[in-house]
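Asker: Sharing a structure here in structure tokens format.
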Amino acid sequence: MSIIEGNAVIGQSGGPTAVINGSLVGVIDGLRGFGAVKKIFGMRHAVRGLVNDDLIDLTDTPQALLDRVALSPSAALGSTRDKPDAEYCQRIVEACKRHDVRYFFYIGGNDSSDACRIVNERANDAGYELRCFHVPKTVDNDLMENDHTPGFPSAARFVATAFGADSLDNASLPGIKINIVMGRHAGFLTAASALARRDPADAPHLIYLPDVPFDTERFVQDVAETYERVGRCQIAISEGIEDEQGQSIGAKLIAGETDDHGNVQLSGSGALGDSLAELLKTRLTPVGGKPPRVRADTFGYLQRCWPDASPIDRAEARQAGRFAAERAHSGDIDGSVAIRRTSTPGPGEDYSSKMERVELSAIAAKTRHMPAEFIKGHNDVTDAFLDYCRPLVGELPTLARL
């Protein structure tokens, strides 16, 4: 395709991450020096800012400031969970026309990639030449075509570190501890808790993923057996666990508050952890005896914005943004960026990866789940998962006990 002249616009959508700003700056890096792009605009709060003409001119932003932004968590431009329908997408295209935008970059996850696809199709229907590129982002690690997604390694690093520290706390005052981890449909982030183990007997003792049906009776039995054997029990549970019928257990407890995409807002509530803690207290209290010490924490939004990012994650997030801009340079009219692992997971892996362009339709509104080879039984993960995940998070703190 021929290169078209005009302006570029960049948006950050969905849940922020520790490295999403790296992708933003990566796009800007790649667009600077691209003569066809006259101005680079940032959308304030994603497409909502675009349709409201709430844009920031990033064209001449000092590189020193951009480099600091790239190292900062959260979404520097602001985000949104608006779900563009046909009418909304028409307004997006009209806004692009008003501002002579010919290059549209959208950084986000599943829903964001779908929004990018719809905007692309709507522009084509209107006969307006608009080049649309999706840059991947999600701590859930559930985008198709990707070995992993920017945001996940840093969130996994937080989870592994938090579980390691919490395990020492749990050992100091032995009891039952439940930690609820992000992950609506895929258990990658909850599984990362296993990186806290230094030997097979270490916590977390039990790990429950949304990829495996959750049975409350079996859960109570698992905890009882572990508590009896170890004298304490630390548990990792995904916020997205489902029963045998595929019904979200958390959603049933939270009274159905949803965002514009129809997703129940699981991370904003401690209902799942509190409910499971109460269940264990009730079921594990001996007749006439004292209930066990049971506590629950919901890690919530700290997982996705903690500033101690994975070094690999930080580098790849910026590289993904730059690669999307380079595809625009090359004349591509649309697409999503995928991270492909080029090394083989396992002991001694010399980790390497590359970026590739994939079709928007291969990513949009699709969900990747934990591969079967990463799941061990109904409450653990395999060494294959640990080999896959360990190089992504970087070196973890070495903790010790007397």
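Asker: Any residue in segment 288-316 that's surrounded by 15 or more Cβ atoms within 10 Å (Cβ to Cβ): show its pairings with residues that are among the acidic types (Asp, Glu) at Cβ separation under 7 Å, as long as the two are six or more apart or on different chains.
Answerer: Pairs that qualify, where the first residue is surrounded by 15 or more Cβ atoms within 10 Å (Cβ to Cβ) and the partner is among the acidic types (Asp, Glu), are Ala296/Asp274.
Asker: Within segment 357-402, how many residues are free of Cβ contacts under 8 Å to residues at least 40 places away in the same chain, in contact with a strand residue (DSSP E or B) (Cβ under 7 Å, 6 or more places away or on another chain) and surrounded by 14 or more Cβ atoms within 10 Å (Cβ to Cβ)?
Answerer: 2
Asker: List the strands (runs of 3 or more DSSP E) inside segment 1-90, counting only whole elements, that have at least 3 residues being crowded, with 20+ Cβ neighbours inside 10 Å.
Answerer: On the way: elements: 6-12, 37-43, 55-57.
Per the criteria, 6-12, 37-43.
Asker: Show me the helices (runs of 4 or more DSSP H) entirely contained within segment 221-310 in which 2 or more residues are hydrophobic (A, V, I, L, M, F, W, C), at pLDDT 95 or above and outside the structural domain of Gly15 (by TED's automatic domain parsing). Spell out the reasoning first.
Answerer: Working: elements: 249-253, 271-284, 302-305.
Because the criterion is at least 2 residues that are hydrophobic (A, V, I, L, M, F, W, C), at pLDDT 95 or above and outside the structural domain of Gly15 (by TED's automatic domain parsing), the helices (runs of 4 or more DSSP H) in segment 221-310 that meet it are 271-284.
Asker: So which residues in segment 131-167 are within 15 Å of Gly187 (Cα to Cα), touching a strand residue (DSSP E or B) at 6+ places or on another chain (Cβ under 9 Å) and part of a loop (DSSP other than H, G, I, E, B), if there are any at all?
Answerer: Selection gives Thr138, Leu143, Met144, Asp147, His148, Thr149, Gly151.
Asker: Would you tally the residues in segment 194-217 being of a type outside the set (Phe, Trp, Tyr) and either crowded, with 23+ Cβ neighbours inside 10 Å or in a helix (DSSP H, G or I) (or both)?
Answerer: Filtering segment 194-217 down to residues of a type outside the set (Phe, Trp, Tyr) leaves 194-207, 209-213, 215-217.
Still in the running and either crowded, with 23+ Cβ neighbours inside 10 Å or in a helix (DSSP H, G or I) (or both): 194-196, 203-205, 207, 209-210, 216-217.
The number of residues fulfilling the criteria is 11.
Asker: Of all residues in segment 339-353 being among the charged types (D, E, K, R) and surrounded by 13 or more Cβ atoms within 10 Å (Cβ to Cβ), which is nearest to Asn120 (Cα to Cα)?
Answerer: Per the criteria, the residue is Arg340.
Asker: Restricting attention to segment 319-338, does a residue exist that is farther than 25 Å from Ala70 by Cβ, loosely packed, with under 15 Cβ neighbours inside 10 Å, modelled with pLDDT under 95 and of a type in the set (A, V, I, L, M)?
Answerer: Among the residues of segment 319-338, not one is farther than 25 Å from Ala70 by Cβ, loosely packed, with under 15 Cβ neighbours inside 10 Å, modelled with pLDDT under 95 and of a type in the set (A, V, I, L, M), which makes the answer no.
Asker: While we're looking at this one, here's another question. Among the residues in segment 85-101, are any touching an Asp or Glu at 6+ places or on another chain (Cβ under 9 Å), closer than 22 Å to Pro150 by Cα, assigned by TED's automatic domain parsing to the domain that holds Ala328 and touching a residue at least 40 places away in the same chain (Cβ under 8 Å)?
Answerer: no
Asker: Still on this structure: Report yes if some residue within segment 217-232 is free of Cβ contacts under 8 Å to residues at least 60 places away in the same chain, among the β-branched types (Val, Ile, Thr) and out of contact with any strand residue (DSSP E or B) (no Cβ under 7 Å at 6 or more places or on another chain); otherwise report no.
Answerer: Yes, segment 217-232 has at least one match.
Asker: In addition: Could you identify the single residue in Arg44, Arg68 that is assigned by TED's automatic domain parsing to the domain that holds His329 and closer than 24 Å to Pro311 by Cβ?
Answerer: Just one listed residue meets the conditions, Arg68.
Asker: Among the residues of segment 171-193, write down those that are part of a helix (DSSP H, G or I) and surrounded by 24 or more Cβ atoms within 10 Å (Cβ to Cβ).
Answerer: Of everything in segment 171-193, those that are part of a helix (DSSP H, G or I) and surrounded by 24 or more Cβ atoms within 10 Å (Cβ to Cβ) turn out to be Phe188, Leu189, Thr190, Ala191, Ala192, Ser193.
Asker: Also, quick follow-up: Taking the conditions exactly as written (at pLDDT below 95, under 12 Å from the mean Cα position of the chain (by Cα) and not assigned by TED's automatic domain parsing to the domain that holds Arg293), does Gly109 satisfy them or not?
Answerer: yes
Asker: Can you tell me how many residues within segment 318-372 are part of a strand (DSSP E or B) and acidic (Asp, Glu)?
Answerer: 2
The values are calculated or read from the model by the stated rules, or taken from the named source; none is laboratory data. Everything numeric in this text was worked out from a predicted model, so none of it was measured. Virtual Cβ from ideal backbone geometry, glycine too; neighbours counted across all protein chains shown.
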